[in-house]
Amino acid sequence: MSGFLPFDSTHHRTSDGGSSKSSQDKQDEAGHWYLSRKEIEENSPSRRDGIDLKKETYLRKSYCTFLQDLGMRLKVPQVTIATAIIFCHRFFLRQSHAKNDRRTIATVCMFLAGKVEETPRPLKDVIIVSYEIIHMKNPGAAQRIKQKEVYEQQKELILLGERVVLATLAFDLNIHHPYKPLVEAIKKFKVAQNALAQVAWNFVNDGLRTSLCLQFKPHHIAAGAIFLAAKFLKVKLPSDGEKVWWQEFDVTPRQLEGWCPFILSIEIISDQNCQPLPFVALIFRLAIKC
């Protein structure tokens, strides 16, 4: 596991003097994590360091795939994996890929996510599994990481990385996901609940590999996922009576239609060779024919 973690204090903000912040301050600061797609694509720290959009998009998808694999091997829930991915997205919103090894940062984010979501895994397990994934093509990696010197070196790297990540995130570890509002809303619809929930859930998971969570709030993403899932399944959502379905999420039909093209631009990659997955691409193409 390689890692280079020079820390640039200009890319993060922390409270002066270590003073605690009020809940209102934290709510106000939550808005700092949401930027426009143009801001994210054109003004990222990586862009300033000469990494173009195509390369950064690849790097983003790469660490998401790594985290999904790491989380599954550690047997943590999907919510924990999602939290780790969002931590990583937020980190690279303020720090450059040119100065930080993505897999080292991702490993740190998984360790932190486990604690935040109350599904902790021992640091030793996280380090060993991460090292084995990174060096999966090397048959001797599993034995090498068990050597005290190698393990202690990786442990020191992850603990250093933890301090860098926490400072970059300004210790803001409060994450909300689209899963809960998605499921709660679908329960009220009483139409194709299981199928609708599954397809919408998959859309949310696929969206994690993009900058979607840096642009839209969780309940908006949930609404967009339900919208696309309903179109794909040809399910008519409740739109009569005093309250239409999208009002559950405080969004408008125009916002939902604007969300569609973005989610349809996602290129999901496979674990090995970063090629688009045909089934997911097919779902997206079918869903847009609405």
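At a glance:
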item: Across LYS99/LYS231; LYS61/LYS180; LYS190/LYS217; LYS99/LYS155, pairs whose alpha-carbon gap is larger than 31 Å; result: LYS99/LYS231
item: Accessible surface, 1.4 Å probe, highest first, among residues PHE249, PHE111; result: PHE111, PHE249
item: Full-extension gain in nm, GLN78 to THR57, via 0.36 nm per residue minus C-alpha separation; result: 5.3 nm
item: Cα pair distances in the stretch 37-169, grouped into 5 Å bins until the bin that holds the longest one, percent each; result: 2, 11, 21, 22, 20, 14, 8, 3, 1, 0
item: Alpha carbon centroid spacing (whole Å) that separates the stretch 149-215 from the stretch 92-111; result: 15
item: 18 Å Cα-Cα reach of LYS148 towards lysines, excluding residues that sit fewer than 8 places from it in its own chain; result: LYS124
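The values are calculated or read from the model by the stated rules, or taken from the named source; none is laboratory data. Predicted model only: the values in this text are computed from it and were never measured. We work out accessible area using only protein heavy atoms, side chains counted, and drop any ligands, DNA or RNA first. Shrake-Rupley method; radii C 1.70, N 1.55, O 1.52, S 1.80 Å.
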